[in-house]
Structure formats: structure tokens, C-alpha cells
Amino acid sequence: MAHPDADDPWWSRGDHSQAIPAVTAPNHLVSGWDDFALPGLVRDYQALRKAGREPYLTIGPWRHWDAELSMTALRESLTWLRAHLLKDRNGLRTAPVRIYVRGAEEWRDLPAYPPAEARPQRFYLHVNGGLGGDLPAGSAPDRYRFDPADPTPAVAGMSRMIGISRKTGESVLAGRDDVLTYTGEPLPADLEIIGIPSAELHVTSSLAHTDFYVRVSDVAPSGTITHVSDALRRFAADRPIDGMLEIELAPVAHRIKRGHRIRVQVASAAYPRWDRNLGTGEPPASASAMRTADQQIHHDPSRPSVLILPVC
């Protein structure tokens, strides 16, 4: 609590990320799409590959404490150790990457994650809650007010333990004025997203200390909403924020089927999954005040806000 910023030098003694490229022991990394540790694990995987290593990677439809994740990790560990310590590679799969593709509900073997054929596809935020591939026309920004005394609640997403289902929890956002929602037209064909999505938001805030949260969902014709990916970033400046912010979302492998819609939601909290930003810049352990943030999301040709999906 006394050192809330990840780049605070106080944390450097526990940060071993710079040593990852020097790791020569064979690695098999196992996680789940709903595991809170997944983003860090994928960063480690990418660092090993960049250093010329050949790590294995397995990602399934699991949370951190799911029994199937634990059992899969145990089975894969025994196979891995047998292959590298006893030179018995009979049980070792050929493809270094195995992922579960949600929406398609199938396992996929790949040479790498993300696959080389993944290409960025841009979906622009439009006026009146639209979302599409064309640059938006000129329009006034969308606005909302974030009050840390009544923070926007979290819905389905990565969890430390068993939590809200990926297909429920949407009602907690219904009727709230501190969430902006943008929904695309029904897709003419299946869209497969495999990789790390991102968002570029052109924003204006009344505060220098605030958060922005982005959530991507799959909306079925029946109205069922399935969580795909999300992220929250905390921003601090010496003056009220006005500019473009980049937000890297959680890794994903998901097929959005023909006739479904892509939905993007923007807010300034997902509480209590992330701690609320009080807006003052005071240390969270001793903060005694709160400030309301007036937020603007721009969507015009000169300041477009966009979701970028890795599409295969």
C-alpha cells in the first residue's frame, strides 16, 4: 500500500523479468484464459522466444484454482520432466503451443502464440454507440462521470478464484451512467481472435489521476453476452489528462460467430477486481479524500478511439 506504483524502485529487488532471457532450462508454461496470472505468463513466454528459447505453452478454459488446470499442469509436468530428464519423448506433443479456442470450443495446436498469420483489425468507436471498421464522422465526444464513492462494479473476467460466469453478471452494469457501450453490426462471417488485443483511446479528463477500463464482449443474437477480454490502466500526470492512451488487453483466443456482434465498453473502474482510483493522487494507504472525474471519449477523424483485434 505504501508503494502502489509498479515502476517504484522499491519493487526492483523482486523483479526478475530482466533475467528471463538468460534462462536456459526448458520451460513449459501452463495457464487458463480466466487466470489472473495469464498476462504475466504470456510476457514471460514472449521474452523466452525473443531470447531464442523454445518454450512450450498450454492455455485452457480455466481459472487460477480450477481443478482441471492443476491436473493438466501435473500431467504436463510429468511428461515434460520425463522428456528432458529421462530422454523419453514419447508422450511429448510435437507442437509447442496448445490453446483452447473459445467460441469454437476446440483445442488448437500452433507453432507459436500469437500465430504468425494474426493481423491487426481496427474497430472504431462511433457516435450513438456504434462500432465499425470505418473512421468515424465528426461528432462531439461521449461523456460520463466517475464517482469513486460509487465505483463501477466488475463483471465477468479473470479471477483469482471461482467468480462470476463469463455469461452472467451483465445486469450489474445496466442503467449505470458511468459506462459507455459501443456495439457493432452482426458479423457476416466468423471472426477468430488469437493474440493480444489493444485499445487506443483519445480521452479528456478533468483530473490528472484517473483510470480507464476497456472490456470486449461477444453478443449473440439471443442477447447472451460472453466476456472476451479486458484491462484497466491507471494514469497519473501533472495536469488533467488530454490525449491518446494505449491500453493492452488480456491475451485471448476466441471465435466470434457469424451473426454475433462485437461490443466494447469503456469505464473508469471495475471494482473490486481493481482498487478504485480516488482521483487525488494521494497514497492509497493514507488517502482521506475523493474527487469525481468528468471523462470524455473522442471519436472523430482527428481523434479516433479504436479497438485493435489480432484476427486470424
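Restricting attention to segment 89-114, the residues being out of contact with any strand residue (DSSP E or B) (no Cβ under 6 Å at 6 or more places or on another chain), open to solvent by less than 60 Å² (accessible area, probe 1.4 Å) and not hydrophobic (A, V, I, L, M, F, W, C) number 2. Only one entry of Leu86, Leu125, Leu131 meets the criterion of being surrounded by fewer than 18 Cβ atoms within 10 Å (Cβ to Cβ) and either at positive phi or at pLDDT 95 or above (or both), and that entry is Leu86. When segment 216-226 is filtered for residues that are buried (at least 24 other Cβ atoms within 10 Å of the Cβ) and either more than 20 Å from Tyr271 (Cα to Cα) or of a type in the set (Asp, Glu) (or both), only Asp218 remains. In a residue-by-residue description of segment 190-205, the property of being closer than 22 Å to Phe123 by Cα and touching a helix residue (DSSP H, G or I) at 6+ places or on another chain (Cβ under 8 Å) applies to at least one position. Pairs are defined by a Cβ separation below 9 Å, a sequence spacing of at least 6 or placement on different chains, a first member in segment 116-129 that is more than 14 Å from Val216 (Cα to Cα) and without any contact (Cβ under 8 Å) to a residue 40 or more places away in the chain, and a second member that is assigned to a loop (DSSP other than H, G, I, E, B) and open to solvent by 30 Å² or more (accessible area, probe 1.4 Å); the pairs so defined are Asn128/Ser139.
For segment 67-83, the candidate set comprises residues that are of a type in the set (D, E, K, R) and surrounded by fewer than 18 Cβ atoms within 10 Å (Cβ to Cβ); within that set, the residue that is nearest to Gly195 (Cα to Cα) is Glu68. Taking the condition closer than 16 Å to Gln295 by Cβ, modelled with pLDDT of 95 or more and open to solvent by 50 Å² or more (accessible area, probe 1.4 Å), does Asp242 pass? In short, yes.
Starting from residues that are part of a loop (DSSP other than H, G, I, E, B) and under 21 Å from the mean Cα position of the chain (by Cα), keep the ones in segment 191-215 and report whichever is surrounded by the most Cβ atoms within 10 Å (Cβ to Cβ). Here the residue is Pro197.
The values are calculated or read from the model by the stated rules, or taken from the named source; none is laboratory data. None of the values given here were measured: they were computed from a predicted structure. Note that we place each Cβ from the backbone using ideal geometry, even for glycine, and neighbour counts take in every protein chain shown. These accessible areas exclude ligands, DNA and RNA; they are computed on the full protein's heavy atoms, side chains included. Shrake-Rupley method; radii C 1.70, N 1.55, O 1.52, S 1.80 Å.
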